[in-house]
Amino acid sequence: MAHSRSEGSIARFERVAVVLSGSGALGAYQAGALTAMELADHRPNWLAGIGTGAFNAAIAAGNPPGERGAKLLFFWRALGEIARQDAPTLRERLRRRLGAGHSVGTALRAEPGQAPRRPIDTAKLRALLAQCVDFARINSGLTRLTLGTTHLATGAELSFDNDRHIIGIDHVMASASLPGGMPPVMVDGEPYGTGAVLAVNSLSGIFDAAAPADTLCFVIDGFDPAPPGSPGCSRSGQQIAAYRRAHDLRRIVGFLGERLPPELRRDSDVRRCLAQGSMATMNLVHLVHEGGGPTELAGKLADFSGGGLAERWRAGERDMAASLARSAWLAPPSRRVGVVVHELRGSAPRSRIR
């Protein structure tokens, strides 16, 4: 069992997951964080991504340990080269629209009456993914991979998962998004896409169908607008808070079930209730790369310059290394708490049980 191992060690966790959001060029921060995990010889067994996080998750899952960091670096350097030719025009458009009062989300969409400007040649992007991802390895199931997407005909949010799908380039492209927009992708004759550059994964959608297990989960955001201590102000924070409430409730049900006399536990109605409980816990580490204000953010989302990508990569490496060095963050929560949340935002650590 996981708890028989050192309680301040990553080895005690049955599941080590990394959840990667969409954040345009800020996705280089996630790639740096994944590389720091590899350098520390920590290997996630579940990767989930959406937006640019889908690229990072697929590359990490589609390469053996020891080669992931090099492939991520190759991908981001090549992506920067492909994107740079149109990036200055795109950054200026985003700044202008934010200055006119548009939200970040609307500023990233096409202007009325215009087709989205696409800085990325999707044919080149597909060829780059083919160079960087071994899809046979992904479909072997050695590492679980979950990619978030939207069924465009209905608006339903769902996921592609190598536990139940044969993953290919189309699935990654259908889960990805970049500043300026990407065209819909047909998968099995149906249109899929993500649309929003600042896309966020649903933690419940990822983990609820899985068997309960003690989990260390890194949620890595290139940008999160919520100030520290205000999780309800951003979608990522809302996802974490909602998952924490549900998981804590399951923990409480499991806690109460242990204290019921045997004759009550044998009752059929009580058994059905107790089946919703779990004594599994989650240590959730939320890494956030600060992106500045909305106008500054618009430029950074589309900044594929070599210097900008390298700076974010180093920040991701630094923040992940700092998180792994905090053994207290790996300790189990108290008996009545299902999820403990720790946060490193702009290299400033915060620990809290919520």
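Compute the Rg to Rh ratio over the stretch 4-86 from the alpha carbon atoms, using the Kirkwood formula for Rh, and round to two decimal places.
Numbers: Rg = 14.0 Å, Rh = 13.5 Å.
Taking Rg over the Kirkwood Rh, I get 1.04.
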Exercise. Once phi is turned into θ = phi - 60°, what whole-Hz ³J(HN,Hα) does the Karplus curve with 6.51, -1.76 and 1.60 give for every residue of the stretch 262-275, x standing for Gly and Pro?
Worked result: x, 5, 6, 5, 7, 5, 4, 5, 5, 4, 5, 5, 5, 5
Problem set entry | Length added when fully stretched, ARG43-ALA211, from 0.36 nm per residue minus Cα-Cα | 58.5 nm
Exercise. Sorted by mean Cβ packing within 10 Å, highest first, what order do the peptides 328-335, 202-209 take?
Worked result: 202-209, 328-335
For this session: Please work out how much accessible surface ARG314 shows to a 1.4 Å probe, ignoring ligands, DNA and RNA, in Å² rounded to 10.
Result: 140
For this session: Kindly report, to the nearest 10 Å², the accessible surface of ASP188 as traced by a 1.4 Å probe over protein heavy atoms only.
Result: 150
Problem set entry | LEU256-ASP188 FRET efficiency (beta carbon distance; Förster radius 51 Å; 0.05 resolution) | 0.70
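The values are calculated or read from the model by the stated rules, or taken from the named source; none is laboratory data. Just so we're clear, the structure is a prediction, and the values are computed from it rather than from any experiment. Cβ coordinates were reconstructed from backbone atoms using ideal geometry, including for glycine residues, and neighbour counts include every protein chain displayed. Protein only, heavy atoms only, side chains kept; ligands, DNA and RNA dropped before computing areas. Shrake-Rupley method; radii C 1.70, N 1.55, O 1.52, S 1.80 Å.
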